[in-house]
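Everything on this sheet refers to the single structure shown next.
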There are 4 protein chains.
Amino acid sequence: MAEVRFGLIGAGRIGQVHALAVQAVPGARITEVVDVLPAAAEKIADKFAAKVVSLDEMFASSNVDAFIIASSTDTHAPLLERCAAVGKPVFCEKPIDLSYARAEACSAAVQASGITCMLGFNRRFDPQFAYLKKQMEAGVIGKLETLIITSRDPSPPPAEYIKVSGGLFRDMMIHDFDMARWLLGEEPTRLYATGSVLVDPAIGEAGDVDTASVTLSTQSGAIAIITNSRRATYGYDQRIEAFGEKGMLQAGNQLENTVKFAGAEGVMGAKPQFFFLERYADAYRIELTHFVAALQQGSKPATSEEDGLAALRLADAAVQSLKTGQPVDL
Amino acid sequence: MAEVRFGLIGAGRIGQVHALAVQAVPGARITEVVDVLPAAAEKIADKFAAKVVSLDEMFASSNVDAFIIASSTDTHAPLLERCAAVGKPVFCEKPIDLSYARAEACSAAVQASGITCMLGFNRRFDPQFAYLKKQMEAGVIGKLETLIITSRDPSPPPAEYIKVSGGLFRDMMIHDFDMARWLLGEEPTRLYATGSVLVDPAIGEAGDVDTASVTLSTQSGAIAIITNSRRATYGYDQRIEAFGEKGMLQAGNQLENTVKFAGAEGVMGAKPQFFFLERYADAYRIELTHFVAALQQGSKPATSEEDGLAALRLADAAVQSLKTGQPVDL
Amino acid sequence: MAEVRFGLIGAGRIGQVHALAVQAVPGARITEVVDVLPAAAEKIADKFAAKVVSLDEMFASSNVDAFIIASSTDTHAPLLERCAAVGKPVFCEKPIDLSYARAEACSAAVQASGITCMLGFNRRFDPQFAYLKKQMEAGVIGKLETLIITSRDPSPPPAEYIKVSGGLFRDMMIHDFDMARWLLGEEPTRLYATGSVLVDPAIGEAGDVDTASVTLSTQSGAIAIITNSRRATYGYDQRIEAFGEKGMLQAGNQLENTVKFAGAEGVMGAKPQFFFLERYADAYRIELTHFVAALQQGSKPATSEEDGLAALRLADAAVQSLKTGQPVDL
Amino acid sequence: MAEVRFGLIGAGRIGQVHALAVQAVPGARITEVVDVLPAAAEKIADKFAAKVVSLDEMFASSNVDAFIIASSTDTHAPLLERCAAVGKPVFCEKPIDLSYARAEACSAAVQASGITCMLGFNRRFDPQFAYLKKQMEAGVIGKLETLIITSRDPSPPPAEYIKVSGGLFRDMMIHDFDMARWLLGEEPTRLYATGSVLVDPAIGEAGDVDTASVTLSTQSGAIAIITNSRRATYGYDQRIEAFGEKGMLQAGNQLENTVKFAGAEGVMGAKPQFFFLERYADAYRIELTHFVAALQQGSKPATSEEDGLAALRLADAAVQSLKTGQPVDL
C-alpha cells in the first residue's frame, strides 16, 4: 500500500489528534470523515481537504484504504465488525468494548476476516516509555523483578462520565494493565486489587472508586504494582519504575518547562504536563506513523485486538477482586 | 535526671554507633559496657573512659541510670525484663522478639514496671522522613490517600543470617511497617502480601523470600504500598512518596555526593549512600539525643514497646498472607 | 493580510525547517521557492505544492506576500534590499551581514522602505527562555543583578566554515549577545572578551578562537557573563541563569529523554538534545508563527533589523577586546 | 607526634567549630585556650577539659604541641610570627593579613623558622569539591577549559564589618581565588574584575562592591570565571562547574533536605543549606583531621602560607582592576 487514504470515524478531540498525526506522515491522508455531529466532521474536512460522508458511504467508498475509529466506546465493536466485513485495515481507539464477552466476539470476527487491526494503546509509543522498554530489552537492568506504575489524572471526570465509563479499572487503569503486560513480557497469573472513594463521593455513588492499587504476580516471580488516582493537584502523573537484578530504570514526568526558581521559600520547578493530550502528543503522532508504516510494509502493528482483550481481562479481574476482597487467579 | 549515665549492652557495630551518639549529647555518657566478646567491650570502654562489667554487675550498678540494649535479637526480651525488674529506663534495638507471644509477654512486664522504654525505630528520626512527616502534619498534602514506601538493601545477607532473622517481613520490612503506621496515623485494617525468590536461591531454601510487596488498607480508605528487595546494585534505596488531596511529598535518597558528570554517555550522578550506617548516621544520633532528652525532661519517647508489637503484628500477618495467598484482616 | 503566501529563498536545512513551520500555521503557506541547487528547491516545492521559480520571478510575483530569507549569509543584505525595493515584508535569518557597515547600510534601506522585517533570533522563542523572560517581567527575581549565559556546541565546524563565518563572536556568540540584550533590558556599556584555542588548532590557524568568555557591564550595574565553547562531548549546552534581588531563575537543558538508570556506577540520565535543530525545533516553529501573526495583525515582530545591528556591534567589540586585551566602551 | 595537644587562640564561633573538630580526631585534643573574652574561653575550656590561659602562658607552655589561630584577622600575622618564634606548628584561619606586604613579611618569618603552617582554606576539604577535584585528577574531563565558580552569601554583613573586611575581593572572593588556583592547577596570568553596588548602598558608601565578577586567563588557555554576590534570597550558593575536553563536572549545592512537594504551583524542593557553618560543617572537620594527620605523619598539609599569599595577590589585582577598569597582568 503506497499511499494510505483514511476514513476517519469520529471527529471529536481524539479524532482531531489522529487526523493531524496522519497528515504529518508522508504517503498518508484523511480522505473521508464522519461524525454524529456534522459540524465537527466539517471542521476536519475543511482543514484537510477531506469529504464529509455517511458511515454507509465510507464503508462503501473506493477512496478509503483504512479506517480510524475515534467515536464513542459503545460504537467500537460494531464498527470493527464492519471493517472486518469490508476487509480493510483499522486503527481503533481502546477499548474494543466494556463487556469482555462482546469484545471477545468482535475480536473473533476481526481475526476471522484477516484484517490488520491496531488498538490504540498510545502509551507504548510515548518516547520515554519506549526508551525505557528498549533499555530493558537491551538488558540494562537484567531480569525484571519489581515494576511500579504510577498513573494519576489531574482531575476527576464528572459522575455522568463515570457511570458509562466501565469504572476506573476498565476506563483508566486499562492503560496501565497494557503497560504492565508489555513491560513484564509475560502474562500476570494473579491479581489483587484494592480501592477507595477519596476524591469525589459522587464517584462512590456511581458505584466506582477513584483511588486504587493493583498487585500483579507472575510465573517468573516478578511483581507489578499499579496505583491510580482520579486527581492530582500537580497535573498528570505518569511514571514507571522498573527494578531488576542489574539496576533500576525510571521514566519520570515530562514537565511544562525546565525553568527553576530559587527563592526564599525553596527551589520551585514546573509541574508535569497537564493531561494526556499534552503528555502524549508525541505518542499519538508516533502511534499513527507506526500504523501507516505497518500498512505500507505489510507488517503487523505493535498492538492488536488481542492486547485489548488481555488488558480487559485484567480490568475485569480487578473489579472482581475489589468486590470480593480476594485475589483472583488468572 | 540531670546527667544520664548509660550501661551499654552489646559493643558490636550498632552498639558503637549508639555509644558515639551518647557521647555527643551534653549530659550523657557511657559509664559501663558489656559484651559476649570482651575485646569489643574493652574497645568501647577505652574510647569513652567506661568500665567493662558483667551483666549482673551492670544491673546492680549504682553508676548506671539507663540501659542501651544493642545485643543479639534473642537476648532483647530477657534483658528488657531485667530492666523492668530493676526499674530503670531502657533504649532497646528492635525487635523485642521474633515471636509475637514472647514479645507481648515482655511488653506486659515492661508496662507493669512503669519504666520508660524506647524501641529503636531509627528511621523516624531520619531528617528527611521527619521533615516529610512534619509537612504532612502541617497539612501540606491534606488528607493522605496513597503511601508508597520503597526499601531495598544493597546486597543480601548470607543464608545463615536469613535462617535466624525471622524472615524478610520480620527482619527488614518491619521498619517499613513502622514507617507506614507512623505516616498513616491509623492502624491498617487489612494486609495482602506477595513475595518471590529472585535474588538468591539460598534464601528460598531457607524458607524466605527476597523480593516482596505488601498492600495495606485502612479505615479511612488510604492505601499503603511497601516494596522490598534484598539487593539493589545502586545502593541502599530508601524512599517515601505520600500522595494526598493537596499534592505529593517525596523523600528521595541521600546521594554519596552532589557532583554530576556530563559526558558522551549521558549525565552521571552519584549513587545513594551505601547502607544503613551511612544513610541513617544522623538518624541514629538524633534518636539517642531524643531518648536522653526524654529522660531529662521526664517525657515519653516517640517510640515504645507498643510500636514494636504493632509492627510485629503486621509482619506476622504478612507471613500468613504470603503463605495462604489471601489477604489478612487485622 | 488574511492569508500569507510566502516566497522561500533558500531550501537547505534551515529553509526546510521554516517551510514546515509555515505549513503548520493556519492561513500561511509556501507558494514559491528558489535555491541555487534546483533539486533542493524541487524537494520543498513537491512537499508543499509550491512552485520553483527564479529570484527575479519571485520578486515580481503576485503570488508572494512575504519572503523568508534562508540562503547563505553573504546574500542576506542584497536580498533584504530587494525586499525593501518591492515593499514586501521579510523574515531573514541572522545576520544581516558580517560587516557592520554593510549591515547598517542595508538596515537603513529596510527602514526607509517601511517594510516589516523580522530577524531570526530563534532563541527568544524557545519556550524555556521565553518562560524565563516572562517570569523576569513578572518580577519574580526583582531587579536583575547577574546574568550567566552558557552556550556550547556539540562539535566544532570545519576550519573552512570558520574562515567564512566571521569568527566565534559574530557567528556563534551573536545569539548570546542578543539573548543578553533581551534579558538585561538595557544596552551594555562596556565589554571585556577573552578567548583561547583549545578545541581545534585549525581554528586558531584560521584566526579564530574556539573557547571564549565575555563580560558585559551595564548602566544599572547588572553584570552579564557569556561563555562559549565550540565543543561539548555531552551535546548542545544552552543554559541561562538570571540572578536578582529576589532570587534566581535557571533555564536548564532539554534532555533527550526523562529516563534515568541507577546502577553500580551511579545514576545516569540522558544528554541534552544534540544540536540546534533538536533543541530549538519548537522555537523555529513559534518564531514563524509569531511572524505570520504579526503580518496578519499588522503588529511589529519581536525582533527587527535593529536587533541584528545591536548584536553585531557587541560581536565587533568582542573581536576588538580580544585583539587588544582591553575592555571596550560601547 | 603521637598525640597532638592544641592551644586554641580565639574561642568565638569558628574557634568552637575547630575545637569540636579536634575533639573528634583520635590522638588530638585542646589543652589550652585563650580569648579576649574570658567567658568565651571558659565555655570551651569547660566543655573539653582544657585550661584557660594567657597568650604568653600558651606560647611558653609545655602542654601545647601546636596552635590554632581563630582570632580576629588583624592578630593573625603577629600570632603566626610568635608560632614561628617558638618553633611549633600552626593552623591559621585565612587571611594572613589584609596587607600583602605585611602578609609577605609574616610568611617569610614562618618559612625561615621551618614550622609547619596550614592556612584555613576550608572549601578544599568540602567533600563535594574534593570529589570534583579528584575526578579532574583522574582525567574524567580531560584538559580543563572553562571553570565557573559561583559564590553567593545569603545576606550581606553590616557596613561596619565591610569597612574592616578588606572588601569583597579580599574577604569573600579570596576563597574563590584559592579554589580557582587549586582547580586550574596553574597560576592565572591575567585578571579582569567588574563590580557593582546592587545589594546595599551602605556597602558602596564604605567603598566596596557587593556584586562582582572576575575573569582569569591562564598560560594554558583555560578561562576561569568567578561571580559573587553578598545576598541570595535562597541561601548560601556554592557551586563549581568545570568544563573540559571530555565533558563537564558540576558540584551543586547541598540542600537542607531531599524532600520535594508537588502541588498546584509546581514542584518545590529545599533551599541550599543556609551559610558556611552548615554547608562546610564537614569541611571544617576534615580540614582539622587533615592537619592532625599531617603533624602525626610529618607530612606537609595541603595548604600553606604560600596559598594565602597567592590568593591575596589575586584579590589585590582584582581591587586594582576594578579601580582602573583595565585588566591586570599577573
Practice item. Collect the residues in the stretch A:210-232 that are surrounded by fewer than 24 Cβ atoms within 10 Å (Cβ to Cβ) and facing chain B (nearest Cβ under 7 Å), keeping them in residue-number order. Key: A:Ser217, A:Gly221, A:Ile225
Exercise for review: Scan the stretch A:253-273 for residues that are over 19 Å from C:Leu255 (Cα atoms) and assigned to a loop (DSSP other than H, G, I, E, B) and jot them down.
Suggested key: A:Ala264, A:Glu265
**Study point:** Within the stretch B:209-225, tally of residues that are out of contact with any strand residue (DSSP E or B) (no Cβ under 6 Å at 6 or more places or on another chain) and not small (Gly, Ala, Ser)
**Key:** 1
Check your understanding: Which pairs do you get when a residue that is at the interface with another protein chain (Cβ under 8 Å from one of its Cβ atoms), found in the stretch B:186-204, comes within reach of a residue that is crowded, with 20+ Cβ neighbours inside 10 Å and among the basic types (Lys, Arg), reach meaning Cβ atoms under 6 angstrom, with the pair 6+ apart or on two chains?
Key -> B:Val199/B:Arg230
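From B:Ser151, B:Ser229, B:Ser220, grab the single residue that is among the hydroxyl-bearing types (Ser, Thr, Tyr), over 18 Å from A:Ala224 (Cα atoms), touching a residue at least 24 places away in the same chain (Cβ under 8 Å) and not assigned by TED's automatic domain parsing to the domain that holds B:Thr75.
The unique qualifying residue is B:Ser220.
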Review point. Residue check, D:Tyr131 against (1) farther than 24 Å from D:Val90 by Cα; (2) touching a Gly at 6+ places or on another chain (Cβ under 6 Å), all met but one. Which one?
Key: (2)
Exercise for review: Would you please list the contacts, defined by Cβ atoms under 7 Å and residues six or more apart or on different chains, that run from a residue in the stretch D:60-83 that is in contact (Cβ under 8 Å) with a residue 60 or more places away in the chain and closer than 18 Å to D:Ala112 by Cα to a residue that is of a type in the set (Ser, Thr, Tyr) and buried (at least 22 other Cβ atoms within 10 Å of the Cβ)?
Suggested key: D:Leu79/D:Ser71
Review point. Here is a list of conditions, (1) touching a helix residue (DSSP H, G or I) at 6+ places or on another chain (Cβ under 8 Å); (2) among the aliphatic types (A, V, I, L, M); (3) within 14 Å of chain D (Cβ to nearest Cβ); (4) not in a helix (DSSP H, G or I), and B:Ala302 meets all of them except one; can you say which number that is?
Key: (3)
Check your understanding: Out of curiosity, is B:Leu80 surrounded by 19 or more Cβ atoms within 10 Å (Cβ to Cβ) and within 14 Å of another protein chain (Cβ to nearest Cβ)?
Key -> no
Exercise for review: Please indicate, with yes or no, whether at least one residue in the stretch B:133-146 is assigned by TED's automatic domain parsing to the domain that holds B:Leu198 and in contact with an Asp or Glu (Cβ under 6 Å, 6 or more places away or on another chain).
Suggested key: yes
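Residues are listed down the side, and each one gets a yes or a no for (1) at pLDDT 95 or above; (2) closer than 30 Å to A:Leu198 by Cα; (3) assigned by TED's automatic domain parsing to the domain that holds B:Met173:
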{"position": "B:Glu245", "(1), (2), (3)": "yes, yes, yes"}
{"position": "B:Val259", "(1), (2), (3)": "yes, no, yes"}
{"position": "B:Gly269", "(1), (2), (3)": "yes, no, yes"}
{"position": "B:Pro272", "(1), (2), (3)": "yes, no, yes"}
{"position": "B:His290", "(1), (2), (3)": "yes, no, no"}
{"position": "B:Ala293", "(1), (2), (3)": "yes, no, no"}
{"position": "B:Lys300", "(1), (2), (3)": "yes, no, no"}
**Study point:** Selection within the stretch C:135-185 - within 13 Å of another protein chain (Cβ to nearest Cβ) and at positive phi
**Key:** C:Gly139, C:Gly142
Check your understanding: Quick one: how many residues across the stretch A:222-232 are hydrophobic (A, V, I, L, M, F, W, C), part of a strand (DSSP E or B) and under 18 Å from B:Glu241 (Cα atoms)?
Key -> 3
Check your understanding: Being more than 24 Å from A:Gly10 (Cα to Cα), in contact (Cβ under 8 Å) with a residue 24 or more places away in the chain and surrounded by 24 or more Cβ atoms within 10 Å (Cβ to Cβ), is that true of even one residue in the stretch A:111-122?
Key -> no
Check your understanding: Take the residues of the stretch C:233-252 that are at the interface with another protein chain (Cβ under 7 Å from one of its Cβ atoms) and assigned to a loop (DSSP other than H, G, I, E, B): which is farthest from the chain's Cα centre (by Cα)?
Key -> C:Lys246
Check your understanding: Restricting attention to the stretch B:96-126, which residues are within 13 Å of B:Pro78 (Cα to Cα) and in a helix (DSSP H, G or I)?
Key -> B:Arg102, B:Ala103, B:Glu104, B:Ala105, B:Cys106, B:Ser107, B:Ala108, B:Ala109, B:Val110
Check your understanding: So D:Lys260 clears everything in (1) more than 29 Å from B:Gly269 (Cα to Cα); (2) away from chain C (no Cβ under 13 Å) except one condition, right? Which one?
Key -> (1)
Point to revise | Residues within the stretch C:130-146 that are of a type outside the set (Val, Ile, Thr) and either over 24 Å from A:Leu255 (Cα atoms) or buried (at least 24 other Cβ atoms within 10 Å of the Cβ) (or both), tallied | key: 5
Practice item. Mind listing whichever residues of the stretch B:1-19 are assigned to a helix (DSSP H, G or I) and more than 18 Å from the chain's Cα centre (by Cα)? Key: none
Check your understanding: Out of all the residues in the stretch C:263-275, is one or more crowded, with 19+ Cβ neighbours inside 10 Å and within 9 Å of chain D (Cβ to nearest Cβ)?
Key -> no
Point to revise | Sole exception among (1) buried (at least 18 other Cβ atoms within 10 Å of the Cβ); (2) more than 30 Å from B:Asn257 (Cβ to Cβ) for D:Pro95, by number | key: (2)
Review point. All but one of (1) away from chain C (no Cβ under 14 Å); (2) more than 30 Å from D:Pro38 (Cβ to Cβ) hold for D:Ala109; which doesn't?
Key: (2)
Study note, to complete from the structure: How many residues of the stretch D:21-39 are in contact (Cβ under 8 Å) with a residue 24 or more places away in the chain and either of a type in the set (A, V, I, L, M) or in a loop (DSSP other than H, G, I, E, B) (or both)? The answer is 12
Exercise for review: Tell me which of these B:Ala317 doesn't satisfy, since it passes every other one: (1) surrounded by fewer than 22 Cβ atoms within 10 Å (Cβ to Cβ); (2) not in a strand (DSSP E or B).
Suggested key: (1)
Practice item. Name every residue in the stretch D:20-36 that is under 22 Å from the mean Cα position of the chain (by Cα), among the β-branched types (Val, Ile, Thr) and surrounded by fewer than 23 Cβ atoms within 10 Å (Cβ to Cβ), in order of residue number. Key: D:Val25
Review point. Does A:Glu187 meet the test of being surrounded by fewer than 21 Cβ atoms within 10 Å (Cβ to Cβ) and of a type outside the set (Val, Ile, Thr)?
Key: yes
Check your understanding: Which pairs do you get when a residue that is more than 18 Å from D:Val164 (Cβ to Cβ), found in the stretch D:98-110, comes within reach of a residue that is of a type in the set (A, V, I, L, M, F, W, C) and assigned to a helix (DSSP H, G or I), reach meaning Cβ atoms under 7 angstrom, with the pair 6+ apart or on two chains?
Key -> D:Glu104/D:Leu309; D:Cys106/D:Ala77; D:Cys106/D:Leu80; D:Ser107/D:Leu309; D:Ala109/D:Ala84; D:Val110/D:Leu80; D:Val110/D:Ala84
**Study point:** Residues of the stretch D:51-95 classified as part of a loop (DSSP other than H, G, I, E, B) and out of contact with any strand residue (DSSP E or B) (no Cβ under 7 Å at 6 or more places or on another chain), total
**Key:** 4
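The values are calculated or read from the model by the stated rules, or taken from the named source; none is laboratory data. Everything quoted here is computed from the prediction, not taken from an experiment. We place every Cβ from the backbone using ideal geometry, glycine too, and count neighbours over all the protein chains shown.
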